[in-house]
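**Q** Sharing a structure with you now.
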Amino acid sequence: MTLSGWSMILLFLVLIVVLAKPAGDWMHALYAREKMPLGFIEAGFYKLAGIDPKAEQSWVGYAVSLMVFNLGGIALLFAILKLQGVLPLNPQGYSGMETLLAFNTAVSFVTNTNWQNYGGESSLSNLSQMAGLTVQNFLSAAVGMAVAFAFIRGFARRQANTIGNFWVDVTRATLYLLLPISIVLALAYVVMGVPQTFGPSVVATTLEGAKQTIAVGPVASQLAIKMLGTNGGGFFNANSAHPFENPTALSNFVQMLSIFVLGAGLTLTFGKAVGNLRQGWAILAAMLLLFIAGVAVAYGAEAAGNPIHHALGVAGGNMEGKEVRFGVAATALFAVVTTATSCGAVIGMHDSFTAIGGLVPLFNMQLGELVIGGVGSGLYAVLIYCILAVFIAGLMVGRTPEYIGKKIESREMKLAVIAIIVPPLMILGLTAIACITGAGLAGPLAKGPHGFSEILYAFTSAAANNGSAFGGLSGNTPFYNLLLALDMFVGRFGVILPVLAIAGGLAAKRRVPEGPGSFPTTGPLWIGLLAAVIVIVGGLTFLPSLALGPIADQAQVAAGTVL
Amino acid sequence: MLTELIRAVRPTVVLLFLVTLVTGLLYPATITGIAQVALPVQANGSLISDTKGNPIGSALIAQNFTSPTYFHPRPSAAGKDGYDASASAATNLAPGSKDLRDAIAKRVSDARAEGMTGDIPADLVTTSASGLDPDLSPEAAFLQTSRVAKARGLDVAKVRSLITAQTEEPILGIIGERHVNVLLLNRQLDTLSATTRGK
């Protein structure tokens, strides 16, 4: 580890804290239905779509709208991918995607996962990338934000039987937040060297006289929303490690900031909405605590390098699957950023990280991606843990727990536990199935414990809607295309539906005034409790699987054994 | 519930259509329009052309160099033979992989055969994440100077100063790592050879 490496990490943290407040205010304006400039666009959308923007929805109405909209999105994206061969904007003449792969990809992008069992530059037309994938990059982030807004309303409202209007929340998040920021970022990325063209690949004759075909495309416009919306699906197979998708250390730094900014800001949107900004800062503080711990472990492991390679006379940190312009520090930081959120973009190959360096991204996702988290999904995931933490605190002193003035009772706890238990059930259950079937065992590239890690990572990434991979796994098989799609779908909506149900229940409750016996949810005690509950619940659930995978892997490498 | 379901159909269809129009077509088309007019070099892939205007590669993308007269880039796993800029890829080999250890051992022994001594910088003998990493660490470039200078009959000090001049420093001293772009360095090398021969 170097001083300059840590200085960069510190600068990143400072900028996130500075940016969180304006981002939180902006999203609060969307949440609170404040008038936006160019409001006629919004109004026109509602008119054409037959939406009454003043109508409010119960949690059931909100949930039904959300499910129909997402299923419609899956159907549309599937159709575009299947039919790309006969659709326009296909300069390389790619044919339609294979059915199961198209299904997997459609579910993947609608659930904000962006798991990719295909290579973008070698199989997708420009139309598929733009009108197919980019659109869902916007919408899946907007849907996440809508669910977060609905959950916030559950805490902020009193004796109400509605939690907002799904159509309005999604439309406003897309038009007045994601789109304008993406336009600015996309142009900034072009300045830094990211291509943006509808032209075909370029054929160059190299200095040594060889032919080199260079794939280009409308990269910048997709890159901007891929990061901002914590989607993570790369234009190119190598994702943000590709020099066209991340040309400089500066473009990389901007990408990392844009992954975190909305998730960090939403904690303050929450604080502002419930009338106490310190509630938001407390959540952000607990998140950043876990984040710094993750960065320290990952950076330390990658900087220490690989003893097996050192024995061959190689010096320095682990550079297999990393780019020179980023180096070890930025690549480790990025790996933590991308898995703390539901982004899943990569600038280095997690599969080739050291065992402990690779454990950190895996564990981040298993915690439920609530360290900042995905756009919207991070906030609703962490609020579920807040409910669990006040419940545990309440058990210790024998009082009915409350959070933000709302009594947490048996219905809330049952639903919260469902939201917490669904992802681990999918991850561990499907990993187990893959480990006892031939089709599952055919996937991994690595032998021994690392092969198990590749399977575990895939199902973790899919259930957590992350999308990064231990890329050695051959995922484009009927077995993995189907099971990973199921994993992504249940991992997304198996959490969203209980969250909306809790939101509906909380909104209907009265707000109890804070008394001397109330547990304060703002101070250091609370921040420590929340972080501890997150780590203990995550740790207890997944420790055995981590022992079989990365920890055994580490022991193997330390012993100098190769497989 | 059923009425809610039926009521959700029209907003779903119309919103998907409108958002596809705006974010899927208008947005990328606008960015492309602005980029092609204002920033044509970057927008088309930062291509480098020879004197006749034919592209010889991209300043951002690694190309293969095998001749001893050129600096060699990092090993590549992109495509079948490496450096395939239409199929970016990494090895994804595990830290405890035998294949990876054997590949690195072979590259180290090749480097030794070429006369490189001391520790080998990790970037010189490992494949990158994209397979198209255009850069080397300055240390990895310096190790190749004596081979390049000998093959070209150039002064070693001159070749070394070329690397120093081409080295890019981290932004603000902290963001990024020091690196040298191999294609740009090799172009400078050709220029140096031409002027030296001219004298």
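Each value in this text was obtained by applying a stated rule to the coordinates, not by laboratory testing. The structure presented is a predicted model; accordingly, all values stated were derived computationally and were not measured. Cβ: placed from backbone, ideal geometry, glycine included. Neighbour counts: every protein chain shown.
**Q** Within the set of other residues whose C-beta is less than 14 Å from the C-beta of B:ALA113, count the net charge using Lys and Arg as +1 and Asp and Glu as -1. It would help to have the intermediate numbers written out before the result.
**A** Values: positive: B:LYS106, B:ARG107, B:ARG112, B:ARG147; negative: B:ASP110, B:GLU114.
Around B:ALA113, the surrounding residues sum to +2.
**Q** Looking at the square roots a ≥ b ≥ c of the eigenvalues of the Cα gyration tensor of the range A:474-563, which shape do they give, rounded for a/c under 1.5, prolate if a/b is larger than b/c, or oblate?
**A** It comes out oblate by the Cα gyration axes.
**Q** Please check: in the Gaussian network model of chain B (C-alpha springs, under 10 Å), which one of B:SER130, B:SER67, B:SER76 has the largest mean-square fluctuation.
**A** B:SER67
**Q** For the range A:335-340, what does the Karplus curve 6.51 cos²θ - 1.76 cosθ + 1.60, with θ = phi - 60°, yield as ³J(HN,Hα) per residue in whole Hz, taken in order and with x for Gly and Pro?
**A** Here the 3J(HN,Hα) series is 4, 6, 4, 6, 9, 5 Hz.
**Q** Could you work out, residue by residue across A:444-455, how many beta carbons of other chains sit within 10 Å of that residue's beta carbon, and then give the average as an integer? Intermediate values should be presented prior to the final figure.
**A** Values: counts 1, 6, 8, 5, 3, 2, 5, 1, 0, 1, 2, 0.
For this peptide, the per-residue mean of nearby foreign Cβ atoms is 3.
**Q** When the Kirkwood radius is taken over all Cα pairs of the range A:106-250, what Stokes-Einstein diffusion coefficient follows at 4 °C and 1.567 mPa s, in µm²/s?
**A** Roughly 77 µm²/s, to the nearest whole number.
**Q** Here is a follow-up. Which percent of Cα-Cα pairs in the range A:321-384 sits in each 10 Å bin, short to long?
**A** 25, 48, 22, 5, 0
**Q** Report the gain in length on full extension from A:HIS310 to A:ILE421: 0.36 nm times residue separation, minus Cα-Cα distance, nm rounded to one decimal.
**A** Result for the pair: 35.8 nm of gain on full extension.
**Q** Any idea what angle helix B:182-198 forms with the longest principal axis of chain B, computed on alpha-carbon atoms, 0 to 90 degrees, nearest 10?
**A** Roughly 40 degrees, rounded to the nearest 10.
**Q** Restricting to Cα pairs below 8 Å that are 6+ residues apart, what does the relative contact order work out to for chain A? Please round to a whole percent.
**A** 19
**Q** For the range B:46-198, state what percent of all Cα-Cα pairs lands in each successive 5 Å bin, counting from 0 Å until the bin that includes the largest distance.
**A** Spelled out per bin, shortest first, that is 2, 9, 16, 21, 21, 16, 10, 4, 1, 0, 0.
**Q** Can you work out ³J(HN,Hα) from phi for every residue in the range A:18-31, in order, using Karplus 6.51 cos²θ - 1.76 cosθ + 1.60 and θ = phi - 60°, giving whole Hz and x for Gly and Pro?
**A** 5, 6, 4, 5, x, 5, x, 5, 4, 5, 5, 5, 5, 4
**Q** In whole angstrom, how far apart do the alpha carbon centroids of the range A:20-85 and the range B:159-199 sit?
**A** 51
**Q** The range A:228-387: percent of C-alpha pairs farther apart than 18 Å?
**A** 58
**Q** Over chain B, what is the relative contact order in whole percent, taking alpha-carbon pairs under 8 Å and six or more residues apart?
**A** After rounding, I find 19 percent.
**Q** Against the longest alpha carbon principal axis of chain B, how many degrees, from 0 to 90 and to the nearest 10, is the axis of helix B:156-166 turned?
**A** Helix B:156-166 and the main axis of chain B meet at about 20 degrees.
**Q** Summing +1 for each Lys or Arg and -1 for each Asp or Glu, what net charge is found among the other residues whose Cβ lies under 12 Å from the Cβ of A:GLY271?
**A** +2
**Q** What percent of all Cα-Cα pairs in the range B:2-41 falls into each 10 Å bin, going from 0 up to the bin containing the maximum distance?
**A** 27, 28, 21, 14, 8, 2
**Q** Let me ask something else about it. From the Cα gyration tensor of chain A, with a ≥ b ≥ c the square roots of its eigenvalues, which class applies: rounded if a/c is under 1.5, or else prolate if a/b is larger than b/c, or else oblate?
**A** oblate
**Q** Moving on. Is the range B:75-145 best put as rounded, prolate or oblate by its Cα gyration tensor, with a ≥ b ≥ c the root eigenvalues, rounded for a/c under 1.5, and otherwise prolate when a/b is larger than b/c, oblate when not? Mind dumping the intermediate values first?
**A** On the way: a/c = 2.10, a/b = 1.35, b/c = 1.56.
The shape class here is oblate.
**Q** Quick one: Karplus J couplings for the range A:286-299, per residue in order, coefficients 6.51, -1.76, 1.60, θ = phi - 60°, nearest Hz, x for Gly and Pro?
**A** 4, 4, 5, 4, 5, 5, 4, 4, x, 5, 4, 5, 5, 5
**Q** Students often get this wrong, so check it: of B:LYS106/B:LYS150; A:LYS35/A:LYS509; A:LYS21/A:LYS272, which have C-alpha atoms separated by over 22 Å?
**A** Too far apart for the 22 Å limit: B:LYS106/B:LYS150; A:LYS35/A:LYS509.
**Q** When you look at the Cβ of every residue in B:116-123, what mean number of other chain Cβ atoms sits within 10 Å?
**A** 5
**Q** Another question about this same structure. In µm²/s, what is D for the range A:51-92 at 37 °C and 0.692 mPa s, where D = kT/(6 pi eta Rh) by Stokes-Einstein and Rh is the Kirkwood radius from Cα pairs?
**A** Translational D for this selection: 256 µm²/s.
**Q** Once the Cα gyration tensor of the range B:1-84 is found, what semi-axes does its equivalent ellipsoid get, as square roots of 5 times the eigenvalues, in whole Å, sorted largest first?
**A** 47, 20, 7
**Q** Using a Förster distance of 25 angstrom, determine the FRET efficiency expected from the C-beta separation of A:LYS47 and B:LEU5, and round it to 0.05. If you can, show how the numbers build up before the last one.
**A** Numbers: r = 22 Å, r/R0 = 0.89.
With a Förster radius of 25 Å, E is 0.65.
**Q** In straight Cα distance, which aspartates and glutamates are under 17 Å from B:LYS52, not counting same-chain residues fewer than 8 positions off?
**A** Candidates past the 8-residue exclusion: A:GLU208, B:ASP190.
**Q** Students often forget the sequence filter, so: which aspartates and glutamates lie under 16 Å Cα-Cα from A:LYS407 once same-chain residues fewer than 8 apart are removed?
**A** A:GLU514
**Q** How big is D for the range A:81-150, in µm² s⁻¹ as a whole number, if Stokes-Einstein is applied with the Kirkwood radius of its Cα pairs at 25 °C and 0.890 mPa s?
**A** 195
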